[in-house]
C-alpha cells in the first residue's frame, strides 16, 4: 500500500475525533449551565425570605407639576378598596379572573416557565421587563415588592412567588389578589370595581358578563377602558371579553349556549365619577398627562399610587393666559359655543398651554384634542407639497369659479371670480379654485402628495386623512383631519425651519427613589428634518403675507412677525339636517361648522378652533354678525388675547428670509380681481362648498360700519359626489381614530 493511502484514514479519524471532542465539550457546558442555573435558583430560593406585606399598599400620592417643577398642577391619588373573604366572592367571579389572568392557577407552582421565557425574550430585545406573571406573581409584586422593573426585583418576585405557593393555600392567595388588584377608576379589589363600573358593591350580585368585563379590564385598565368609545378600543375590549368567556366555558363555569349569548356584546357600565381634583380647565391637562404617562409605559396602578413626581410641559403663566383668552375673549352669545386652543413651542414639541373647555367635570369633551374639519387651514400643506414638487409661489392657477374636477363643478365662496392668480395670491386670499387646480389637476398625484406633506408636518395619520389621498377637495380639509393640538404642532414644524418634533405633555417622571423613570429627551431621536429649510422659509414667507394683506390681516395687531392661515369648513349643521333631508339637500353648505385661526411666531405656534352645539356639529353663523363665522374674525381675536400676554417681554424674533430666487417674481400676472360687492371685505372671501357635505375654507374679516343686517348669501348648487364623512372623536379615542 502506498504512503498516501496509509495516511488518508488517519486524517478522517482525526476529524471524527475532534468532532466528538467538541460535541462532548458542548454537552458538558450545557449540563454545567443547567446545574449552575439550578444551583443559582436553589441558593436564591433558600436565601430569599417572604417579607412583611407592604403596610401602606402603594398609597403614595403622585404629584404633577407645571414645567417649572415647583408649581403643583394636581395629584393622582385614588384608592377605593373594600376587602371581602373569598367565601363571599362567587365562583363565577373567581373563575372569570382566573380565565383572564392565569388559567393554570390551581396547579402551577406560582410561576410560569413559558411566561418567564417570554419575558426573557423581551429583555433580550431591549424591551421593558414585563409580562409572564401568574396571579401569584402579581400578588407578590403588589403586597411584598415595588413596581420597579429590574432584574433583581423580578428574581425576588419569582423566589417569593414559589415559596408563597408552597407555604400558603391557593385560596388565600386568590383572596388576597381579588382584594388588592387594581381595576382602574381608583378601584382596588373586586368589590370596589363592581361599585365603580356597575354600581354593584356586592360581588355576589355581579352577573357573569359583568364579572367577565371586570376580568377584562384588570389586565390593563387603560388599554381596556370601557369608557373609551373609540372603535379601536371597543373592538379590543370585545375580543378580550370573549377570550375570558371562552376560558370560563372551557372550565365548565358557563355552558356553550351561555357563552354564545354573552359574547354578543359587553355589559353596560355606569357613568364614571370623576374626582374633584379634575375640576375646571386644568382637569383637561391632568387627564391628558395621565393618558400620556400610560403611553410612555408607566403602569396605571403606579400612576394612581406610586408616589411619582411628574413634570409636565405646561407653562403656568401661559396656561393662565390661554384660559383667560378662552373664557373672556368670546362673542356675547356663548351658549353651546365651544373654543379649543393649543400652543406648542417650535423645535421642541412641548405643549406649553391648552384650553379644552371650562370644566372637565361637567364635560369631558376636550375641544383642543377632538379632531375637526380644518377647512382652508389645511392649505399650507398643499403649499409645502407644491414647493417640494418643484413649483414656485408665482406659478399661475385658475382663480375663476367654478372649476371642473373629475366631472364635478367646484366653487369659490359666493362663486367669486379672481382671474388667473399666483400661488402666493391664492394662499393670501384663500382662493379655492386655485388650490383645486394645483392639487387636483396640475400636480401628479396631488392629493397623495398633500397628505404626505400634512403627515410629515405632524398631522396624525388617520383613516379619514388616508382616504383623502383619493378624494378631490382634500386640500380644503372637508373631513375631521386634525385637532388644535395637531394643527399647532404641524404649524410649529414650519416655524422651526422644517424640523418636526412629536408633541408631548410630559417632561420627566421620577419615582420615590428620585430616579428618572422617563424623560422627554428620549423623544429627541424622533425629531427629524421633514422639510428642507428653504421650503419651510418660503411657507413662512407666504403665510406672513396672509397676515400682512390677506384673510388674517387683523393678526397684525400683535405687532411682530406672524405667519398663519384662516380656515372655515361648512356643511349642514346638526339642527338643520332633518330639514335638509326633506328638501333634498336644499341647505347644503349653508352653515359654518368649524372656524380656525392657526398662526405662529418663531417662538410660539397657537391654533384656535370654534365649534357649536353639544357635539360640535352645530351652526356657528348665529354667533357672528358677519355673513358667516369667518376665521379672520373671532378666532383671530381670541388668538390675540392669548398671544399678546404670552409674548409680552420677549424680544421680537424674525423669520429667516427665504432665498431670493424662491420669492423672486419672474412671471407676468394676468389676473384681474373683480370689484367687490357693496358692504363686503375689500378682498373677496374664498370659502366654498366642497364635494363633501362641508363648506371649506375661509374669508377675511368683515368690518361693517354700524349694525349690519344678517343675511345669508345664497350658495351655488353643491356637487352630487359625497364620499364618507366621519364624525368628531369622542373622549378617549385612540390616537389613530381607526
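The values are calculated or read from the model by the stated rules, or taken from the named source; none is laboratory data. Note that the coordinates shown come from a computational prediction; the quantities given were computed from them, not determined experimentally. In this analysis, Cβ positions are derived from the backbone assuming ideal geometry, glycine residues included, and neighbour counts consider all displayed protein chains.
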Just wondering, is there one or more residues in the stretch 574-592 that are buried (at least 22 other Cβ atoms within 10 Å of the Cβ), in contact with a helix residue (DSSP H, G or I) (Cβ under 9 Å, 6 or more places away or on another chain) and closer than 27 Å to residue 425 by Cβ?
yes
Output the number of residues of the stretch 392-447 satisfying the condition of being surrounded by fewer than 22 Cβ atoms within 10 Å (Cβ to Cβ) and assigned to a loop (DSSP other than H, G, I, E, B).
12
Index of the failed condition, residue 460 passing every other in (1) surrounded by fewer than 20 Cβ atoms within 10 Å (Cβ to Cβ); (2) more than 25 Å from residue 609 (Cβ to Cβ); (3) modelled with pLDDT of 95 or more; (4) in contact with a strand residue (DSSP E or B) (Cβ under 9 Å, 6 or more places away or on another chain)
(2)
Find the residue count for the stretch 238-276, including only residues that are over 19 Å from residue 206 (Cβ atoms) and surrounded by 18 or more Cβ atoms within 10 Å (Cβ to Cβ).
0
Hey, can you tell me all the residues within the stretch 481-500 that are part of a loop (DSSP other than H, G, I, E, B) and surrounded by 24 or more Cβ atoms within 10 Å (Cβ to Cβ)?
481, 483, 496
Got a number for residues in the stretch 544-557 being surrounded by 22 or more Cβ atoms within 10 Å (Cβ to Cβ) and out of contact with any helix residue (DSSP H, G or I) (no Cβ under 6 Å at 6 or more places or on another chain)?
1
Scanning for something at pLDDT below 80, surrounded by 21 or more Cβ atoms within 10 Å (Cβ to Cβ), on the phi > 0 side of the Ramachandran plot and touching a helix residue (DSSP H, G or I) at 6+ places or on another chain (Cβ under 6 Å), does the stretch 109-117 turn up at least one residue?
yes
Would you check if there is a residue in the stretch 316-329 being in the same structural domain as residue 642 (by TED's automatic domain parsing) and closer than 22 Å to residue 626 by Cα?
no
Here is a list: 543, 512, 523. Which entry is in contact with a strand residue (DSSP E or B) (Cβ under 8 Å, 6 or more places away or on another chain) and at pLDDT below 95?
512
Could you check the stretch 284-308 and list, in sequence order, the residues that are at pLDDT below 95 and outside any loop (DSSP other than H, G, I, E, B)?
287, 290, 291, 294, 295, 300, 301, 302, 303, 304, 305, 306
Collect the residues in the stretch 186-220 that are outside any helix (DSSP H, G or I), within 24 Å of residue 364 (Cα to Cα) and in contact with a strand residue (DSSP E or B) (Cβ under 7 Å, 6 or more places away or on another chain), keeping them in residue-number order.
186, 187, 188
